[in-house]
1. Please work out which residue is farthest from Thr169 (Cα to Cα), limiting yourself to segment 85-98 and to residues that are surrounded by 12 or more Cβ atoms within 10 Å (Cβ to Cβ) and free of Cβ contacts under 8 Å to residues at least 24 places away in the same chain.
2. How many residues, within segment 138-184, are more than 22 Å from Leu89 (Cβ to Cβ), in contact with a strand residue (DSSP E or B) (Cβ under 7 Å, 6 or more places away or on another chain) and not in a helix (DSSP H, G or I)?
3. Regarding Ser116, is this residue part of a helix (DSSP H, G or I), among the hydroxyl-bearing types (Ser, Thr, Tyr), open to solvent by 40 Å² or more (accessible area, probe 1.4 Å) and over 18 Å from Ile47 (Cα atoms)?
4. Working only within segment 49-84, note down all residues that are surrounded by 14 or more Cβ atoms within 10 Å (Cβ to Cβ), in a helix (DSSP H, G or I) and without any contact (Cβ under 8 Å) to a residue 12 or more places away in the chain.
5. Quick check on segment 164-180: of everything there that is buried (at least 20 other Cβ atoms within 10 Å of the Cβ) and of a type in the set (Val, Ile, Thr), which residue is farthest from Asn31 (Cα to Cα)?
6. Might you let me know whether segment 99-111 holds any residue that is within 30 Å of Phe134 (Cβ to Cβ), surrounded by fewer than 18 Cβ atoms within 10 Å (Cβ to Cβ) and of a type in the set (D, E, K, R)?
7. Please pick out the residue among Leu42, Leu38 that is among the aliphatic types (A, V, I, L, M), open to solvent by 40 Å² or more (accessible area, probe 1.4 Å) and in contact with a helix residue (DSSP H, G or I) (Cβ under 8 Å, 6 or more places away or on another chain).
Amino acid sequence: FFYYLSKTSFNLPIQHSNASPSAMTISSFFNNGFLSVLGILLSAYSIYVEYRVEHKAENPDDVFTALCDIEAIGASCSTVFSLPEAKMLSFFGLVPHGSILDIPNGYLGIAFYALSLTRYVTGTQRSGLLSHLFYPTVNLIITTLAFSSSIFLARKLYIIQEVCVVCITTHIINTTIFYRSIQEALSVSEGKIKRQ
């Protein structure tokens, strides 16, 4: 599955409604735009689940079972979202624990995927103060951070022997976007070498 995703082009054009059905391929849906939207939805749901679990003590009568808690396969994302690592900024001491900046990882995911989606939709040629965020080299740095966080969190899942469907899916998305950012950075670098 990952190999299939990694082979799809990172700069696939957006299909318009007047495109012929034959022009629409399955692989065109697995571009960075689709993956970013999926990532935003999963990140938003992780925030919701974490909020419900965190405030469960306030309403003991409220029985909540997350959709990603699948007993048949032993998956429990609500358990994973309750771990200290679910708030990496405070876990690594970047912000004080309990402060307003001590946010769940889902918010970081939404920011990352929103940037990736904007970059996909608008392209890399932008002007203004934020144009540097869309450079291939800067994009590679940002995706490397996302990929590194996925490695760290996936390792934690392995250590505690817990299955988290939402987490694993976002790790696949992050790895795919990271791989494509490497391809893009290399292609830009090769292009510069050829022009010299």
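The values are calculated or read from the model by the stated rules, or taken from the named source; none is laboratory data. Remember, predicted model here, so these are calculated numbers, not experimental data. Glycine gets a Cβ as well: all are built from the backbone with ideal geometry, and neighbour counts include every protein chain shown. To get the accessible areas, we keep the full protein, side chains included, count just its heavy atoms, and leave off ligands, DNA and RNA. Shrake-Rupley method; radii C 1.70, N 1.55, O 1.52, S 1.80 Å.
1. Val95
2. 1
3. Considered against the rule, which asks whether it is part of a helix (DSSP H, G or I), among the hydroxyl-bearing types (Ser, Thr, Tyr), open to solvent by 40 Å² or more (accessible area, probe 1.4 Å) and over 18 Å from Ile47 (Cα atoms), Ser116 comes out as no.
4. Lys56
5. Step by step, filter segment 164-180, then rank; the result is Val166.
6. yes
7. Leu38
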